[in-house]
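All remarks here apply to the structure that follows.
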């Protein structure tokens, strides 16, 4: 018998089942079809304004920095300000996302390249698919629009989140993901910048991923 | 990784651990860090208890239907362009992974943290096949340099001090300036980041574990704080996921439920920094990501635990809360347990996976204080399961003769309540009289195991049974 058949038949023998029971099959099919939710904490819920406030509180707690901008047009200037204040070069990598391509980077004095990262980029900007108020998390999708290497290789990661894409809980983002079609290769839920506490339980930022995560929430 | 468990030598291991000053210093961090952080996270979430109950029920539902969910999962991995391999044993799992690596002509393999890869001895198998295996989680990297195994399932280097890590980095990173300052943890972290960045970019294959496998979508989920799991899977041309069969959850919503209890129980975070859902290899338009995606599903004794008194253990989501709260773990650390899984979860898993003949000491090393069960996010009755192992050991006559004799004597008295009451009263009165001056004993015959480390208080007042009777009588009045 193949390993696969052996393991499945061992499981069935241990459970005392055959795998053909209609009640079990129906219960499994129903769960997969209806995707029931577990208890949803109240913390992320509330009006749009409350959810935004909660998102900012939670993201800040995990050492991300958050600014609220009136429009996406203000993003290049905000990134330029951040880089100048941190004494960093005004260079940036982005993907092909049309919402980023449409912004006037040059006017802000930024030198912007497009594509994946090979590890040499200090700064990158991504456009988030969604956000989660409950935990201050961002949800990013891999692909040409926002290459996954931009989320992990650069030292400083800038993320644009439209306020309209902010949800109270992860479950609401999952609904949107299913509506979006088949899942991309990776869905990255990012909660703050990279960190490690592996040496004497001392929490340090910037383990392997970005040392800084700067979130720009755009209202319009 | 340990292919040859030292679990049968648990007593000697524990004795050595208690007398290791560096280990004792490092273990102080466990006691104070983890417990306080978890408690704060739980207090911030009023729904936590309800979530634990839902998490327990969800895992029970999965275990009762594991065959069907595995089939669904396999189908969905395949339809998203990935490949699923089943492995009955450690050897089969290692062979499958080594063959995949070889078929891609791999020289260097990076690894995210994976306990099941420790269980099957994967690094040794990769190295034996002439390839280099590089652990990329900071803690795992440190212990790999030392040739050690993880001493904790989520904080593998928790047994080390920063001075020890500095020594290892100086010994191994000889290409760096010998006069550099490495006295602070941040300097150690920065150095490891630089060294490992090169390894990430050079790797041919990346191997990660999985916290959850989602049947609905054929997705594997990992959580990390460092981002090493993502660099491991997104840079090389091949991504291999290794996971044990009980990691399956039905839907993405179910994964979300477990995520809410996982990080809080583990590190006291609401969410780990990176939660990554991976489905298949890179899409045709993708500029990055692996071209091949494999999943190796390992049984290694788990299917035999289903339907037994140890089935509850398969709910475990490997958060480490049980060891973080265990007084025995606090005293001796993880290595004394002698195999891959330490602490209360290890005391139940180890005999299940390597046999009670070798692992029998572990379920005996517990006071049954119950803290592990009280913090377990999926409510595994760990003390009860350890007791099952003790019974199992006794029934199979594996318990030492002296211990069996002692149990028999106790059993004789316990079955004769009058005699029991008389004997305990007599013993107590005698001890109270002997210890009347100091109120405690610095040494007592047959009690060296206790009095070597602390005094035994002399009995005061009446026996427990007498006090209980009195209380009951008063309550009735």
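Here B:190, B:149 are screened, and the one residue that is modelled with pLDDT under 95, surrounded by fewer than 24 Cβ atoms within 10 Å (Cβ to Cβ) and either within 27 Å of the chain's Cα centre (by Cα) or on the phi < 0 side of the Ramachandran plot (or both) is B:149.
Scoring residue B:29 on the criteria (1) in contact with a strand residue (DSSP E or B) (Cβ under 6 Å, 6 or more places away or on another chain); (2) over 23 Å from residue B:210 (Cα atoms) leaves a single failure, condition (1). Against the condition within 19 Å of the chain's Cα centre (by Cα), more than 25 Å from residue B:277 (Cβ to Cβ) and in the same structural domain as residue B:216 (by TED's automatic domain parsing), how does residue B:31 come out, does it pass? Yes, satisfied. The helices (runs of 4 or more DSSP H) located wholly in region B:62-138 that include 1 or more residues which are free of Cβ contacts under 8 Å to residues at least 60 places away in the same chain and surrounded by 21 or more Cβ atoms within 10 Å (Cβ to Cβ) occupy B:66-79, B:90-103, B:122-128.
For region A:190-199, the condition of being buried (at least 22 other Cβ atoms within 10 Å of the Cβ), in the same structural domain as residue A:69 (by TED's automatic domain parsing), within 13 Å of the chain's Cα centre (by Cα) and in a strand (DSSP E or B) holds for at least one residue. Between B:56, B:44, which is farther than 19 Å from residue B:143 by Cβ, surrounded by 16 or more Cβ atoms within 10 Å (Cβ to Cβ) and either out of contact with any helix residue (DSSP H, G or I) (no Cβ under 8 Å at 6 or more places or on another chain) or within 13 Å of chain A (Cβ to nearest Cβ) (or both)? Going through B:56, B:44 in turn, just one is farther than 19 Å from residue B:143 by Cβ, surrounded by 16 or more Cβ atoms within 10 Å (Cβ to Cβ) and either out of contact with any helix residue (DSSP H, G or I) (no Cβ under 8 Å at 6 or more places or on another chain) or within 13 Å of chain A (Cβ to nearest Cβ) (or both): B:56. Screening the candidates A:32, A:52 for the property of being over 16 Å from residue B:44 (Cβ atoms), assigned to a helix (DSSP H, G or I) and not assigned by TED's automatic domain parsing to the domain that holds residue A:165 yields one hit, A:32. Residues of region B:273-323 that are free of Cβ contacts under 8 Å to residues at least 24 places away in the same chain and more than 7 Å from chain A (Cβ to nearest Cβ): B:284, B:308.
What are the residues in region A:113-127 that are surrounded by fewer than 20 Cβ atoms within 10 Å (Cβ to Cβ) and assigned to a strand (DSSP E or B), if any? Within region A:113-127, A:113, A:114 meet the criteria. For the condition within 14 Å of chain A (Cβ to nearest Cβ), in contact (Cβ under 8 Å) with a residue 12 or more places away in the chain and either surrounded by 17 or more Cβ atoms within 10 Å (Cβ to Cβ) or under 18 Å from residue B:322 (Cα atoms) (or both), residue B:37 qualifies.
Note on region B:197-214: residues that are at the interface with another protein chain (Cβ under 7 Å from one of its Cβ atoms) and crowded, with 24+ Cβ neighbours inside 10 Å amount to 0. When the residues of region A:133-152 are filtered to those that are facing another protein chain (nearest Cβ under 7 Å) and in contact with a strand residue (DSSP E or B) (Cβ under 6 Å, 6 or more places away or on another chain), the one that is nearest to residue A:63 (Cα to Cα) is A:137. In region B:280-375, counting only helices (runs of 4 or more DSSP H) that sit wholly within it, the ones holding 2 or more residues that are closer than 21 Å to residue B:91 by Cα and under 14 Å from the mean Cα position of the chain (by Cα) span B:343-354. When A:71, A:65, A:35 are checked against the criterion of being away from chain B (no Cβ under 14 Å) and more than 17 Å from the chain's Cα centre (by Cα), a single residue qualifies: A:71.
Taking region B:422-452 as the region of interest, how many residues are part of a loop (DSSP other than H, G, I, E, B) and touching a helix residue (DSSP H, G or I) at 6+ places or on another chain (Cβ under 8 Å)?
3
The values are calculated or read from the model by the stated rules, or taken from the named source; none is laboratory data. Owing to the predicted nature of the structure, the values given are computational and were not obtained by experimental measurement. Methodologically, a virtual Cβ is constructed for each residue, glycine included, from the backbone with ideal geometry; neighbour enumeration extends over all protein chains shown.
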